[in-house]
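K.L.:
Following this message is one structure expressed as structure tokens.
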Amino acid sequence: MHRTLRPRGAAAVGLPAALAAVALTLSACGSGSENGKTSGSGAGTHTVQTAMGAVKVKDHPRRVVVLDTAELDSAITLGVRPVGATHADVATGFLDYLPKDKVSGIKDVGAVAAPNLEAIAALKPDLILTNKDRDASRYEELSQIAPTVMTGATGFPWKANFGTHATALGKAAEARKAVADYTAHAKRVTAALGGPEKAAATEVNVVRFVEGADIRIYGRQNYIGTLLADVGLGRPPIVDKARDGFSYDVSPEQIDEADADAVFTSTYGDPKKSKESQATGSALWKNMKAARNGRTFKVDDQLWLQGIGYTAAGKILDELRADLTKGR
């Protein structure tokens, strides 16, 4: 049985505000400001403001352990190979979209949300990256092993979290480049779709079939929702029914509520146990506008919904562009 992980986020913010917040975080190294920024503290260390308060870390940590998928994506994006990482609930351990040469040699230190503290300690880390959603109850124990930089929620606030990760890792310049590259990439996708007005007129839904749970129609306040917003894609009214902005959950008998100009679907777990086969084989699904027009697209769950970071985002943007411009 696959674990059903449901990342939570904070209140919604627009793209300009989110990017400005990340840029401010990364440009303030040595300023002593808060919210993930650093302050000079002498002798090759700096202070990072985290969800658990101020944490002093080395300026250039070399033995980093990451305890969730977003933290691993951040490290890889920033050119850091952790010495240890937790594995996701997938056959290969680390998510498949990550470059194999970038994750080779990383020590598996247990499952996400259930790390092996002895295995972590044995690696003698000088920095641990994680978040409260997964490891709040273990913060004191982790902090006794190494300085632990813990963000709040995972998922929706991924851009601000990335800024905190970059500050902790001493990779501000690399982070600014990653943000700038992503912003330019999103604009190119918007242009390929015909510009902002045409993108906004294209309503898109993301549907996840989850083993052991209801079918999720993703709202606006989650990782994939931010990417759709950054491209400027439209969303159908159903997404505004999402609980806490995260997802609006339906049964197979309600699957037609997911209809849009284009529907992207992913599966977490067994397709039969996740109700995917039942839903997509029904007349309700086949009569949806997206299905009739050949605008339903199967995507990789690991990439679209589990990765959470700029490395994943670049690949998702490429897939959005390819799928939404088919037939033009």
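Read the figures in this text as sums done on the coordinates, not as results from a lab. As the structure is a computational prediction, the values presented were derived from the model and not from experiment. Neighbour counts run over all protein chains shown; Cβ positions are idealised from the backbone, glycine included.
K.L.:
Need the list of lysines near Lys56 for cross-linking: C-alpha distance under 19 angstrom, and skip anything on the same chain fewer than eight residues off.
P.N.:
Within reach: Lys37, Lys124, Lys132, Lys171.
K.L.:
Measure nothing fancy, just the Cα-based angle from helix 158-169's long axis to the longest principal axis of the chain, in degrees from 0 to 90, nearest 10.
P.N.:
On a 0 to 90 degree scale, this one is about 20.
K.L.:
Considering Cα pairs under 8 angstrom that are at least six residues apart, work out the relative contact order of the range 195-324 and quote it in whole percent.
P.N.:
Taking the mean separation of contacting Cα pairs over the length of the range 195-324, I get 27 percent.
K.L.:
Which residue, Asn205, Asn222, Asn287, tops the fluctuation ranking in a GNM of the chain built on C-alpha contacts under 10 Å?
P.N.:
Asn287
K.L.:
Which of Tyr182, Thr280, Gly269 sits closest to the plus end of the dipole of the range 122-280, meaning its Cα is farthest towards the positive end, when Lys and Arg get +1 and Asp and Glu get -1 on the C-beta?
P.N.:
Projecting each Cα onto the dipole axis, the largest value belongs to Tyr182.
K.L.:
Once you list every other residue whose beta carbon is under 10 Å from the beta carbon of Thr86, what net charge do they have if Lys and Arg are +1 and Asp and Glu are -1?
P.N.:
After counting each charged neighbour, the total is -3.
K.L.:
Given +1 on the Cβ of Lys and Arg, -1 on the Cβ of Asp and Glu, and no further charges, what dipole in debye does the chain carry about its Cα centre, rounded to the nearest 20?
P.N.:
Charge dipole, the chain, about its Cα centre: 600 debye, nearest 20.
K.L.:
If one computes the Cα centroid of the range 180-231 and of the range 292-317, what distance in Å separates the two points?
P.N.:
Centre-to-centre (Cα) distance: 9 Å.
K.L.:
Please report Met288, Met150 as a ranked list, fewest other C-beta atoms within 10 angstrom at the top and most at the bottom.
P.N.:
Exposure proxy ranking, most exposed first: Met288, Met150.
K.L.:
May I pose another question? Could you tell me how many degrees, from 0 to 90 and to the nearest 10, lie between the Cα long axis of helix 310-324 and the main elongation axis, the longest principal axis, of the Cα atoms of the chain?
P.N.:
Helix 310-324 sits roughly 10 degrees off the main axis of the chain.
K.L.:
What do you get for Rg/Rh over the chain if you use C-alpha atoms and the Kirkwood form of Rh?
P.N.:
Taking Rh as the inverse mean 1/r over Cα pairs, Rg/Rh reads 0.98.
K.L.:
Let me check against my output: what whole-number percent is the relative contact order of the chain, with C-alpha pairs under 8 Å and at least 6 apart?
P.N.:
19 percent
K.L.:
So which residue, out of Thr164, Thr265, Thr154, gets the largest mean-square fluctuation from a GNM of the chain using Cα contacts under 10 Å as springs?
P.N.:
Thr265
K.L.:
Looking at the chain as a GNM with Cα springs under 10 Å, which of Glu257, Glu276, Glu197 has the largest mean-square fluctuation?
P.N.:
For the chain, modelled as a Gaussian network with Cα springs under 10 Å, the answer is Glu197.
K.L.:
Could you tell me how many degrees, from 0 to 90 and to the nearest 10, lie between the Cα long axis of helix 172-192 and the main elongation axis, the longest principal axis, of the Cα atoms of the chain?
P.N.:
Long axis of 172-192 versus the principal axis of the chain: about 10 degrees.
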